[in-house]
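Single-structure report; data block below.
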Amino acid sequence: MMLVELSSVPPAALAVAGFKDHLRLGSGFADDGLQDETLEAFLRAALASIEARTGKVLLEREFRWSVTAWRARDRQALPLAPVSAIAAMVQVDRNGTRVPVTASRYTLEPDQQRPAVVAFGTSLPSVPRGGRIEIDLLAGYGPEWSDLPADLAQAVMLLAAHFYEFRSDSALHGASMPFSVTALIERYRTVRLFMGGRS
């Protein structure tokens, strides 16, 4: 299984101005925007860290997930949440020939923890021998910073501020995730249940 990010979070979706306020940086100066690129980088790093810990996509973007086998014939849990749409499904054979799968053969089962693609009928489309199925997904809470749940938005700000504070510190404590952040994101962490076939 392989997951590829097809689009990235646009700079306009990042709350750089809010992050400046969070850091209590001065404003009204000619060089106000001088640190914007650096602050954006810290916000992106915090987003990536929290997404890795929770398995949740915070700001909406497109992904392509490739699978070489289904866990069950009629239902496959997706590796990301929340997922708002399955944009396409394609069968790819060992020679790279691509055959689109009609959307009438599957549907998205929304879930905040483990969304899934579910068959219309008895089974999902077959995976070509030696090939794969590619699924294009739209995942995330929304395209705007305001779409984030308040606790996740706060966690990103706290972690980005932590990275900013320790930006010149190579010690381990400077790179670790503060307890205040882990406490905010704990309820979003996905429990993986392999024995039950839900993962």
With helices defined as uninterrupted DSSP H runs, which ones in the chain have an alpha carbon span along their own long axis of at least 15 Å and mean Kyte-Doolittle hydropathy of at least -1.0?
36-54, 150-165
Report, in whole Å, the centroid distance computed from the Cα atoms of segment 49-78 and segment 130-159.
11
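Let's test the formula: R0 of 30 Å, r as the Cβ-Cβ distance of Met177 and Glu5. What FRET efficiency results, to the nearest 0.05? Can you show the working numbers first?
On the way: r = 22 Å, r/R0 = 0.73.
Given R0 = 30 Å and the Cβ-Cβ separation, E is 0.85.
Are there any trypsin sites (Lys or Arg not before Pro) in segment 80-166 that are in a DSSP loop and have at most 10 other Cβ atoms within 10 Å? List them by number. Show your work: numbers first, answer last.
On the way: sites: Arg94, Arg98, Arg105, Arg129, Arg132; in loops: Arg94, Arg129.
Passing sites in segment 80-166 are Arg94, Arg129.
How far, in nm, would the chain grow between Ser146 and Arg73 when pulled straight, counting 0.36 nm per residue and subtracting the alpha carbon separation?
Values: separation 73, 0.36 × 73 = 26.28 nm, distance 3.81 nm.
22.5 nm is the gain from fully extending Ser146 to Arg73.
Based on the alpha carbons, how large is the Rg to Rh ratio for segment 91-171 when Rh follows Kirkwood?
Values: Rg = 20.3 Å, Rh = 16.8 Å.
Taking Rg over the Kirkwood Rh, I get 1.21.
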Overall form of segment 40-142 per C-alpha gyration tensor (a/c, 1.5; a/b vs b/c)
prolate
How big is the dipole moment of the chain about its Cα centre under a simple scheme where the beta carbon of each Lys and Arg is +1, that of each Asp and Glu is -1, and everything else is neutral? Debye, nearest 20, please.
1260
Could you check the spin-label model distance between Arg64 and Ala87? Points 7 Å from the Cα along Cα→Cβ, value in nm.
1.0
Using only C-alpha atoms and all pairs of different ones, pull out the Kirkwood radius for segment 46-95 in Å with one decimal.
13.1
The Cα extents of the chain along the principal axes, largest first and rounded to whole Å, are 62, 36, 30
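Coordinate-derived values only; no laboratory data. Since we're looking at a predicted model, the values are computed, not measured. Reconstructed Cβ throughout: ideal geometry from the backbone, glycine too, with neighbour counts over all protein chains shown.
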